[in-house]
Amino acid sequence: MLAYEYGSDGRMALREKDLPRAAEGEVTVDVVAAGICGTDLKIARGEHRLFPPGTVRVPGHESVGRIRENRSGRADLEPGTPVAIAPNIACGQCPPCRKDLGPLCEDYTSVGLTFDGGFAEVVRVTARGVAGGNVLPLPPGLDLVTAAMIEPVAAVVRGLRPLRLTPTDTVLVCGAGPIGLTAVVLAKQAGVRKIIVSQTSAARRELARQYGADETIDPRAEDLVERVFELTGGIGAEVVIAATPVHQVFTDAVRAAAKGGRVNFFAGLPSGKGEVTVDANLIHYRELLVTGSTANTAADCAEAMEIVARAPEAFAALITHRVPLREADHAFELATSGEALKVLLEPQT
Ligand SMILES: [Zn+2]
Ligand SMILES: [Zn+2]
C-alpha cells in the first residue's frame, strides 16, 4: 500500500509498505481521509519529541475510514462500518489515567504518533485501542469527510471544558486557524456574550467574523490588550484561549483576562523553547485560572462526534483542501502555507 512516511533521513516521503493486518482483538481501517495538523508539520520538520532521529513511522492521527478487518469480536465494527479513530490510546490503569488524564498516560500510545497512523491506505488499531473505545462508529447522517474534524474538535472540547463558558462571558480567541475557529464555533454554540478574535492575517480575521466573531483585532497594528479592555468597557475577557504558538500570545492572554478570568494555554511551543513571560501578580490579584490542555481522550472524541454531527456544516467549512495521498508533498505545502485551514489527505482517491 501507499503511505506517507517519516523516514530515517528525517524527511516525509511516499513509500510502498506492506498492508497492516489485524491481530486478535484488533481492527484495520481503509482510510478515507486523514487531516494534517500542526503536530504533523512539527513531525515533518523533525521537531517532534516522539519522532527522534532514526524514527521510521507513518504519521496521521486525525483519520476516518471504513472497517476493513474486524478481529475484535465487536458486532458494531463489521467490515464496511464508517468509523472515526480517536488516536490517543491510554492504559486506563495508571495514576494519570485514573484522573481522566489519558493524554498523559504513563504508557501512552497513539495512532500516528507512537505507531503507524492514517497517512496510508490502511491503518491498524491495537487491541487496547479497540477495547478503550478509540474506534467510534459514526452516527447515521455524519459523512466520513466531515468526520475527519472530530479529532481536532475533541482537542478544543477538552481545552474549553475547565473554562466553563457561560452566557455572560466575553471570549478572546488568539489565533484563527482551525483550532481557533473551532473555539469560535463552540463559544458561539455556548451562547457567550461576545467573541473577540486576535489574528494577524486579514483573510483569517474575515473568516473569524463569518464564523461568529463579534470583533477582530490585528495584534500587529493595534495593542491587543488595550483593545480588549476597550471592547469590554474596561473589564477584560472572562475567557482567553491562546491558540497560536507565539510567545507573546501567552503573555498577552494573561494580561487581557478579566478579574476571575479563565485562560487556556492551548498551543504548544517548540520543545525546549516553552518559557514565556507572565506577570504573576496578574494571576494573583485578579484571581485568574490558567489552564493547559493537550490532545484528547477517546471520551473527548465521542463528545466531539456528537457536536460535529449536530452542526456538521460549521465544521465541514473548516476543510478547505482535499488532496489525494499520492500528492501528499503538495498537501503539506498547502498546510504549511497558512492559506489553507484544514487539509485532508485522501488515500482512496
Ligand atoms: Zn491534530
Ligand atoms: Zn495510563
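We did not get these values from a lab; they are worked out from the coordinates using the rules stated. This is a predicted model, so every value here is computed, not measured. Counting neighbours? That spans all protein chains shown, and the Cβs are built from the backbone with ideal geometry, glycine included.
General observations
- Overall form of region 44-119 per C-alpha gyration tensor (a/c, 1.5; a/b vs b/c): oblate
- For region 195-293, GluC sites (Glu not before Pro) are listed when DSSP marks them as loop and at most 14 other Cβ atoms sit within 10 Å of their Cβ; the list is 222, 275, 287.
- Of all the options 84, 213, 34, the one that moves most in a Gaussian network model of the chain with Cα springs shorter than 10 angstrom is 213.
- Antiparallel content of DSSP bridges confined to the chain, in %, to 5: 55 percent
- Most mobile listed residue (214, 30, 252) in the chain, GNM with C-alpha springs under 10 Å: 214
- Cβ-based net charge around residue 27, under 9 Å, with every Lys or Arg adding one and every Asp or Glu removing one: +2
- CD proxy at 222 nm, helix term only [per DSSP H run n ≥ 4: -39500 (n - 2.57); per residue of the chain; nearest 500]: -8000 deg cm²/dmol
- Residue order, fewest to most beta carbons within 10 Å, for 12, 149: 12, 149
- Neighbour-count ranking [beta-carbon atoms within 10 angstrom, fewest first] of 244, 251: 251, 244
- In terms of packing, defined here as the mean over residues of other Cβ atoms within 10 angstrom, the peptides 61-67, 334-340 line up highest first as 61-67, 334-340.
- Protection-proxy order for peptides 99-109, 113-123, each taking the mean of Cβ atoms within 10 Å per residue, highest first: 113-123, 99-109
- Residue order, fewest to most surrounding Cβ atoms within 10 angstrom, among 174, 301: 301, 174
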